[in-house]
Amino acid sequence: MAMSLGPSGGGRGRRSRAPIAEINVTPFVDVMLVLLIIFMVTAPLLVAGVPIDLPDSRAAALEQEKEPVQVSLDAEGQPFIDDAQVAMADLPAALEAIRAERGDDNGDAPQVMLRADRSLDYGKVMLVMGELNRAGLNRVSLVTTGSSERP
């Protein structure tokens with residue numbers, strides 16, 4: 001009743017196994033696919049929060065050294081300041097607060113980017129521009145989409 005246990009007798013010899021030279025990449029691929037799905041889901045959410053159909057323009061983009069204040073008007077005429085909805089009655093106070101907290105040391109007003117839906121009444125846009133002017137925010141830029149077409 002003899003039994004062969006291998007060359008060293010106990011089966012614990014180090015020469016019987018060759019080292020594995022392959023790397024298991026399955027966990028790595030799984031992690032990469034999960035990260036890809038996460039980025040694909042979150043990337044559309046990082047775009048501007050207020051959906052607006054901007055008009056076209058052939059003007060070049062402006063250079064900015066500081067982060068401008070974003071004032072948006074959606075298709076219903078609701079104002080937004082940096083993606084936060086503001087009631088039309090509270091707009092003057094909110095604009096004056098922005099002037100006070102984001103103004104330069106020299107007293108210069110911050111840059112304001114006004115985005116308005118193309119279907120919105122011109123009077124609503126002028127109402128907001130008047131409130132910007134009254135609050136002392138005179139550096140206003142109108143945001144449009146780029147277009148190569150002539151009017």
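Annotations
- Taken per residue, the accessible surface of the stretch 72-121 reaches 53 Å², heavy atoms only and a 1.4 Å probe.
- Taking all protein chains as shown and a probe of 1.4 angstrom, residue 129 keeps an accessible surface of around 60 Å².
- Fully extended contour minus Cα-Cα distance, from residue 56 to residue 29, at 0.36 nm per residue: 5.4 nm
- Here each label is just a point 7 Å from Cα along the line to Cβ, and for residue 93 and residue 142 those points are 3.1 nm apart.
- Accessible area (Å², 1.4 Å probe, nearest 10) - residue 131: 30 Å²
- Counting only protein heavy atoms and using a 1.4 Å probe, the accessible area of residue 144 comes to about 60 Å².
- Under 5 Å, built H, 5+ apart or other chain: amide partners of residue 116: 73, 143
The values are calculated or read from the model by the stated rules, or taken from the named source; none is laboratory data. Given the structure is predicted, the values throughout are model-derived calculations rather than measurements. Ideal geometry is used to build each Cβ from the backbone, glycine not excepted, and the neighbour counts take in all protein chains shown. What goes into the accessible areas is simple: the full protein's heavy atoms, side chains included, and nothing from ligands, DNA or RNA. Shrake-Rupley method; radii C 1.70, N 1.55, O 1.52, S 1.80 Å.
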